[in-house]
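The values are calculated or read from the model by the stated rules, or taken from the named source; none is laboratory data. Quick caveat, the model's predicted, so the values are computed rather than measured. Glycine also receives a Cβ, built like all others from the backbone with ideal geometry; neighbour counts cover every protein chain displayed.
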Amino acid sequence: MKIPKHILPIIVISQFCGTSLWFSGNAVISSLIKTFGLTTNALGQLTIAVQLGFIVGTLIFAFLTIADRFAPSKVFMVSAIIAAIFNLGVIWNSNTLYTLLVWRFCTGFFLAGIYPVGMKIAADYYEKGLGKSLGFLVGALVLGTAFPHLVNVFFEGLPFKQVLIATSIIAAIGGILLFVTVPNGPYRKQGQPLEINSFKSIFKDSDFRQATWGYIGHMWELYTFWAIVPLILESYKTTYNNTINVSLVSFNIIAIGTLACIASGYISEKIGVKKTAFYALVCSCACCIIAPFLFEIPSTNILIIFLCFWGMVVIADSPLLSTLVAQNAPPSIRGTAITIVTSIGFLITILSIQIITSLNTKYLIQYLLPILSIGPVIGLYKLSKNK
């Protein structure tokens, strides 16, 4: 079946627009701390609030099988618009830490109707070459995640509200664009209300379990790395008293992962999805371990090149592991399976982020980076096991 050429680009663009909400708070964290009198722990707290909201959202979306029972494009649009509205709550002048946490939690909740639903839409259109398609899609997530840092560069010196308003408008436009131009895919199967026993059965499949463990291990590292990139750069900047533009370099380190996602999709068609994901996880695990040694070298260029490489390999396996999850889930509950595995993965990110940011109050960030290798090690072990 021939798929219209505009479908994948629209899904990618809309995914980018919607996921730009994810780290919009992180991009302006310095302004939020000054404006609302927050502590330096606010970065971890606000990041965890988004992650927790996303987890709760994915669990509810999964329990109600929303992505399988309703038109995914409509779910995506409604979620994008509501998430954009909650994102605007951060600009309220009377915010406190608690209200900020509420706004970020609610934003994360409706991101559950954007990221996994976008993957579901792609799976409904691209039964073959799904790894390559999800490479573009996750690449859009990466670029969307990095985008607020770039917006912060352009609006430097202006009120942080401009960043949040811009990301909200972009997210809403992306949701509407997808709904208007992307109908239900040809491989979509109408879902039924969730039956717990049948859902449990998918975890009996060894391929599905391996993909799930690989995804969980990868997630332990990924979002914590993204969240602390500014902290890593600030620490290096303070240590060597240099002039790193933290927002711009953070954008580059995260955004370059877009290219890695696309490249890994093409590579997977040559050597296989699982093997490509495995090698990427090996590389990111190595980065976690050797990172502290790079801080001993007083060369900004070497550090940035290393972090850019890490920014590539830390995400390169993501679309491939999601592909393995989608391919090994029953078609009738594929959207729900993707959503629930994504939820488990993000639950792990809360633990990882909390551990790193809490320890960072006592120890320099560079000495905590090897902790991120725990997830990749577990993921590699599970992926390497024979069936």
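Residue 233 passes every criterion in (1) more than 25 Å from residue 19 (Cβ to Cβ); (2) crowded, with 20+ Cβ neighbours inside 10 Å apart from (1).
Selection within region 314-335: residues that are among the β-branched types (Val, Ile, Thr) and under 18 Å from the mean Cα position of the chain (by Cα). The member of this set that is farthest from residue 255 (Cα to Cα) is 325. Screening region 1-101 for helices (runs of 4 or more DSSP H) wholly inside it with 2 or more residues that are within 19 Å of the chain's Cα centre (by Cα) returns the ranges 7-19, 24-27, 42-63, 72-88. Criterion first (out of contact with any helix residue (DSSP H, G or I) (no Cβ under 7 Å at 6 or more places or on another chain) and within 24 Å of residue 250 (Cβ to Cβ)) does residue 299 satisfy it? So residue 299 fits the description; yes. Just one of the numbered conditions (1) without any contact (Cβ under 8 Å) to a residue 60 or more places away in the chain; (2) surrounded by 24 or more Cβ atoms within 10 Å (Cβ to Cβ); (3) farther than 16 Å from residue 82 by Cα is not true of residue 4: (2).
The condition of being surrounded by fewer than 23 Cβ atoms within 10 Å (Cβ to Cβ), touching a residue at least 40 places away in the same chain (Cβ under 8 Å), farther than 27 Å from residue 246 by Cβ and aliphatic (A, V, I, L, M) holds for only one of 356, 333, 344, that being 344.
Of 141, 134, all but one fail to be closer than 18 Å to residue 172 by Cα, under 14 Å from the mean Cα position of the chain (by Cα) and in a helix (DSSP H, G or I); the exception is 141.
Region 275-383 holds helices (runs of 4 or more DSSP H) entirely within its bounds, and those carrying 3 or more residues that are of a type outside the set (S, T, N, Q) and more than 21 Å from residue 119 (Cα to Cα) map to 300-316, 334-359.
Screening 268, 343 for residues that are modelled with pLDDT under 95, closer than 22 Å to residue 68 by Cβ and in contact with a helix residue (DSSP H, G or I) (Cβ under 6 Å, 6 or more places away or on another chain) leaves exactly one candidate, 343. Checking the stated criteria, residue 267 turns out not to satisfy the condition of being of a type in the set (A, V, I, L, M, F, W, C), over 20 Å from the mean Cα position of the chain (by Cα) and surrounded by fewer than 17 Cβ atoms within 10 Å (Cβ to Cβ). Residue under question is residue 228, and the condition is that it be under 18 Å from residue 139 (Cβ atoms) and part of a helix (DSSP H, G or I); does it hold? No: the conditions fail for residue 228. Within the span defined as region 7-27, one or more residues are out of contact with any helix residue (DSSP H, G or I) (no Cβ under 6 Å at 6 or more places or on another chain), within 25 Å of residue 259 (Cα to Cα) and without any contact (Cβ under 8 Å) to a residue 12 or more places away in the chain. Scanning region 102-131 for residues that are at negative phi and either in contact with a His (Cβ under 8 Å, 6 or more places away or on another chain) or not in a helix (DSSP H, G or I) (or both) yields 112, 113, 114, 126, 127, 128. Of the residues making up region 296-315, at least one is buried (at least 16 other Cβ atoms within 10 Å of the Cβ), closer than 30 Å to residue 212 by Cβ and small (Gly, Ala, Ser). Would you confirm, using the coordinates I've provided, whether residue 93 is modelled with pLDDT of 90 or more, over 26 Å from residue 333 (Cα atoms) and buried (at least 23 other Cβ atoms within 10 Å of the Cβ)? In short, no. Would you mind stating whether residue 321 is at pLDDT 90 or above and either surrounded by 16 or more Cβ atoms within 10 Å (Cβ to Cβ) or over 30 Å from residue 154 (Cβ atoms) (or both)? Yes; evaluated as a whole, the condition is true for this residue.
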